[in-house]
Structure formats: structure tokens, C-alpha cells
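Here the structure is laid out as C-alpha cells; the discussion comes afterwards.
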Amino acid sequence: MPGFKLAIDGPAGSGKSTISSLIAKKMGWTHIDTGAMYRAVTLQAIEHGIDLNDEHAYSFLETSNIHYDNNKIYIDDRDVTEDIRSEAVTKNVSLVSSFPYVRKKLVDLQKKAAEKGYIVMDGRDIGTVVLPHADLKIFLTANVEERAKRRLKENLKKGKHAEIEHVIKDIATRDEKDSTRKESPLRMADDAIILDTTHLTIDEVVSKIIDLTDKKENKHGV
Ligand code: DC
């Protein structure tokens, strides 16, 4: 079956979603932002008023329909693309994504969504768990100061102000939680290519990954 699975992993603020979305646009591929899916579960949990520490309370996932489509994230038919970026969601998403039950539900959805066609999927465990047989795995990094600066810029565009020290602390805390959790921690796949984006522009990163993709496609004869 023709297709290509491109897995992009990396820590918070490494530019995964922006870069994946641009690659998908340039190549005419489908982009799936798995972080947005964990955020949507977190938003739903907060809105349902459940005890966020109680893994059993997430059983609402049996009937909810979370899906990522064309750069937007939906819970059932409701577009929650903006709502999932709230501070409450950002603060709690590491906790929510640490539960094996939640991960199993979302990983199943993600595997299904990537079954057919040309896919760019970004997250923390794509190359290791969701798409272990991906055609190309990229692990993006950047130092924490640079990642905080990017987050700050993004927030400013939305009219949100924050202190750089506060953002650095928030990102470092999330890195720590995401890398040390028991279930599918943030880890580079053994066969991933590491790309340090600290001193690269978004366009440079996008071009590099597209070059690597072309090389792989030619090798596979797709
Ligand atoms: O990429 P992001 O910052 O929007 O992701 C939000 C959170 O979701 C992040 O703190 C860790 C979690 N996450 C995860 O555990 N596994 C993924 N594949 C994607 C995100």
C-alpha cells in the first residue's frame, strides 16, 4: 500500500507541531498532533469536574470522540483548538497523559488514524510506541532557553504575557515529568535521527526533514 509514516518526537517547545504542520502542508500529507489529543482529554476531564488523580474517572473516554483534522482538534463536533491551550490544561496535561488507561485509548486512536496514506505524526512516543515501524523518525531538540523564547513569542502573538523565568520553569517541569513517567516516557527511538533546532530557523528544519524524507522515499522506491 503506498504511503509514508513520518514520526516526529521531542520535548515541549521543540517546534514539533509547527514543523509537522508545515511539512504536511508542503507535501500534501495528513498531520496528526498527538499532544493536542492529550490536551483535549485534559480539557474534557476538567470540564466534567472529575478527580484528575483518579485514573478510573477517565472512563468518559469510552464514549467521547476526540479527533484531529486539518490542524484542528475536536471533541465530538466541538472545535476545541483554542480551549486546549489554556493554562489549566497545560498545567494538568502531564498528569493526565501519565495514566496507562488514557494512553492506551489515545495510542489506539493514533495507530488507527495513521493506518493509511501519507502521515506526519508528532508527539513524545510516536517513534517508540505509536509507529515503531515508521519510515522515518526524527527527534527534535533545542535548549530550554530557546524553547522558552519560542513559547513566549507564540503567547505574545495571542496577547498573553509571561515572564521568561516562569516559562523556563514550566517547560523544565514538563520535560522532567514527561521523561520520567513510567508509561511511555519521552525517549528517543534507537533508529531516530536527532535534529538540534536551537540555531536553526523553522524553514531550515522543515527543509532538512523534507530532504531526509525524499532520500528515504527514493530508497524505498515509493
Ligand atoms: O506537545 P504538547 O506540549 O501539546 O503536549 C502536551 C502534553 O501531552 C505533554 O506534556 C506530554 C503529553 N504527550 C504525551 O504524553 N504523548 C504524546 N504522544 C504527545 C503528548
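The values are calculated or read from the model by the stated rules, or taken from the named source; none is laboratory data. What you are looking at is a predicted structure, and each value in this text was computed from that prediction instead of being measured. Counting neighbours? That spans all protein chains shown, and the Cβs are built from the backbone with ideal geometry, glycine included. Ligands, DNA and RNA are excluded from the accessible area calculation, which covers all protein heavy atoms including side chains. Shrake-Rupley method; radii C 1.70, N 1.55, O 1.52, S 1.80 Å.
Within the stretch 15-39, which residues have the backbone N less than 11 Å from the label spot 7 Å out from residue 104 along Cα→beta-carbon, could you tell me?
It comes to no residues whatsoever.
What Kirkwood Rh does the chain have if only Cα atoms enter the pairwise 1/r average? Answer in Å.
Details: mean 1/r = 0.0561 Å⁻¹.
In the chain this quantity evaluates to 17.8 Å.
Report the residues of the stretch 141-158 in range of a label on residue 201: point 7 Å along Cα→C-beta, backbone N strictly under 17 Å from it.
Those under the cut-off are 150.
If you roll a 1.4 Å probe over the stretch 61-212 with all protein chains in place, what percent of the accessible area is carbon or sulfur?
Values: 4410 of 8550 Å².
About 52 percent, which is the carbon plus sulfur part of the accessible surface.
Can you give the accessible area per residue of the chain, in Å², using a 1.4 Å probe?
On the way: 11610 Å² over 222 residues.
With all protein chains present, the chain gives 52 Å² per residue.
For the pairs 25/219; 111/157; 112/158; 149/177; 153/215, flag any whose C-alpha to C-alpha distance is greater than 30 Å.
Numbers: 25/219 23 Å; 111/157 33 Å; 112/158 33 Å; 149/177 21 Å; 153/215 33 Å.
Violating the 30 Å Cα-Cα cut-off are 111/157; 112/158; 153/215.
R0 = 30 Å: FRET efficiency of residue 145 with residue 50, Cβ-based, nearest 0.05? Could you put the intermediate results ahead of the total?
Values: r = 36 Å, r/R0 = 1.20.
For residue 145 and residue 50, the calculated efficiency is 0.25.
Which residue, 34, 148, 53, has the largest displacement toward the positive end of the dipole of the stretch 20-165 when charges sit on each Cβ (Lys, Arg +1; Asp, Glu -1)?
Towards the positive end, the residue furthest out is 148.
Looking at the stretch 17-73, what % of the alpha carbon pairs are farther apart than 17 Å? Walk me through the numbers before you get to the answer.
Working: 730 of 1596 pairs.
The calculated P(r) of the stretch 17-73 puts 46 percent of pairs beyond 17 Å.
How large is the charge dipole for the chain, taken about the Cα centre, if only the Cβ atoms of Lys, Arg (+1) and Asp, Glu (-1) carry charge, to the nearest 20 debye?
So the dipole magnitude of the chain works out to roughly 360 debye.
What size of dipole, in debye to the nearest 20, comes out for the stretch 139-222 about its Cα centre when the only charges are +1 on Lys and Arg C-beta atoms and -1 on Asp and Glu C-beta atoms? Write down the numbers at each step before the final one.
Numbers: 18 positive and 18 negative charges, 70 e Å.
Its charge dipole is roughly 340 debye.
Grab the beta carbon distance between residue 87 and residue 133, set R0 = 45 Å, and tell me the FRET efficiency rounded to 0.05.
On the way: r = 37 Å, r/R0 = 0.82.
Approximately 0.75, to the nearest 0.05.
In percent, how large is the relative contact order of the chain, given Cα pairs closer than 8 Å and 6 or more residues apart? Before the final figure, lay out the partial values.
Details: 322 pairs, mean separation 73.0, N = 222.
Reported relative contact order: 33 percent.
How far apart, in nanometres, would the label points at residue 173 and residue 187 be if each is projected 7 angstrom from Cα along the Cα-to-Cβ direction?
2.6 nm
Give the calculated FRET efficiency between residue 155 and residue 218 to the nearest 0.05, with a Förster radius of 35 Å applied to their Cβ-Cβ distance.
Given R0 = 35 Å and the Cβ-Cβ separation, E is 0.30.
Please identify the GluC sites (Glu not before Pro) of the stretch 79-165 that satisfy two criteria: DSSP loop assignment and at most 16 other Cβ atoms within 10 Å. Which are they?
82, 115, 163
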